[in-house]
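Encoded as structure tokens, the structure appears first; notes follow it.
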Amino acid sequence: NNSYIYQSHSAGTVYGNKMAGGLAGLMYHGEVVDCYSTANVTLGDEFGIGGLIGVIDDAVVRNCYSTGFVDGAQYHSVGGLIGSKSSYPYPSIVENSFWDVNSSGMDASSGGSGKTTEQMQTMSTFTNVGWDFVDEDDNGFEDFWRLCIDGQGYPKLSWEFTKGDFVCPDGVDLYDLMVLANQWLLEKLNYNFWREDKVDIVNFFDWSVFANNWQGDMSRLSDFTDEWLKESAYCADIAPVPDGDGLVNMLDFAI
């Protein structure tokens, strides 16, 4: 890769002799930012074997991590995060990035900091160096990352979570509905799912996206949303009971 990789992740197993990495084999120029890999990288018997990237040359790696097992000839360029990186004439930069020394089986890397599994599953390990997480504002408001509970899994990219899953543990339920309701008609971009209305405000367009991700009786809630403000709707016009008033509106929503 000689371009850019942002907010991406990889899993599985990578087999390769040289310049093999969980996310990319050779990174020449460009940047890798806010990425991670859980892939195992094995059979490396030449050089440049890394949990995230095999070789970086005149490239930048920032806010990334890897956890996969790395298997390579120890006397060559093998690392938990990066196998090999250039230093001259075009130096490569690895910033605020980590690898799991326990799961990788590696205590060295050409860049990055090795952490224990416990440290890798603790949010402060990452926020202390500037990673932008959901539920913290000190490092910005983009919310690239999310970790539900310390000690229960590694951080994930926030886009991996279901739309509307605001409250841990995972799943869209009444607690998430309360969070959405608290932002109703406010300019809160985190909950403004629907951008096609060109209005940065939480409204019924956003409610529609939320409802379609509801976990539980999903079909009824989705059907209810689809019939919003439609006359003679058959399943959502439930107020006043029992026959409704011929229009799906706030009265029905209250019920």
With every protein chain in place, the stretch 13-110: carbon and sulfur % of accessible area (1.4 Å):
49
Under unit Cβ charges (Lys, Arg +1; Asp, Glu -1), what dipole magnitude, rounded to 20 debye, does the chain have relative to its Cα centre?
1040
Net charge within 13 Å of residue 56 by Cβ-Cβ distance, Lys/Arg positive one each and Asp/Glu negative one each, not counting residue 56 itself?
-2
Cα-based Debye curve of the stretch 13-131 sampled at q = 0.15, 0.17 Å⁻¹ gives log₁₀ I(q)/I(0) of -0.53, -0.69
Suppose R0 equals 22 Å. What FRET efficiency, 1/(1 + (r/R0)^6) with r the Cβ-Cβ distance, do residue 190 and residue 160 give to the nearest 0.05?
0.90
Mean projection of the alpha-carbon convex hull of the stretch 86-216 over all orientations, in nm²?
10.8
Could you give the longest part of the chain that holds none of the trypsin sites (Lys or Arg not before Pro) found in DSSP loops with at most 11 neighbouring Cβ atoms within 10 Å?
1-194
Counting only heavy atoms of the protein chains, get the accessible area per residue of the chain (1.4 Å probe) and round it to a whole Å² value.
52
Jot down the radius of gyration and Dmax of the chain, Cα atoms only, both in angstrom.
23.3, 78
Can you list which of the DSSP-assigned H helices in the chain have a Cα extent of 24 Å or more along the long axis and an average Kyte-Doolittle score of at least 1.6?
none
Defining a contact as two alpha carbons under 8 Å apart and six or more residues distant in sequence, what relative contact order in percent does the stretch 1-111 show?
25
To the nearest 20 Debye, how big is the dipole of the stretch 53-110 about its Cα centre, given +1 on the beta carbon of each Lys and Arg and -1 on that of each Asp and Glu?
60
In nm, what is the difference between 0.36 nm times the number of residues separating residue 43 and residue 136 and their Cα-Cα distance?
29.4 nm
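The values are calculated or read from the model by the stated rules, or taken from the named source; none is laboratory data. Predicted model only: the values in this text are computed from it and were never measured. For neighbour counting, all protein chains shown are included, and Cβ atoms are generated from backbone atoms with ideal geometry for every residue, glycine included. Heavy atoms of the whole protein, side chains included, go into the accessibility calculation; ligands, DNA and RNA do not. Shrake-Rupley method; radii C 1.70, N 1.55, O 1.52, S 1.80 Å.
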